[in-house]
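Every number here is computed from the coordinates shown, using simple stated rules; none is lab data. This one's a predicted model, so the numbers in the text were calculated from it and none came from an experiment. Because the Cβ atoms are built from the backbone with ideal geometry, glycine has one as well, and the counts that use them run over all protein chains shown.
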């Protein structure tokens, strides 16, 4: 038998290091949220002494913290100004 790969559900359970990397925050911040700001951070699952995070809980927590202001439209991408990207043909010498 070849090596086994984790199932999709197993990959959706993250260690605290993986969760911190996924959120792009220091691991200490996750610990702080759990100990000093109870109820603030994303939901966690405890397996004995191991702390784990479900990717779906992290995504839900992110969605809950998206800032949207009532009277402001959501930002849209501005069209690119490509006029300044034209090659400088004056630098090309003719032979």
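Here are the numbers:
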| read-out | value |
| --- | --- |
| Residue 11-residue 40 FRET efficiency (beta carbon distance; Förster radius 22 Å; 0.05 resolution) | 0.25 |
| Spin-label model distance (nm) - residue 64 vs residue 51, 7 Å beyond Cα toward Cβ | 1.6 nm |
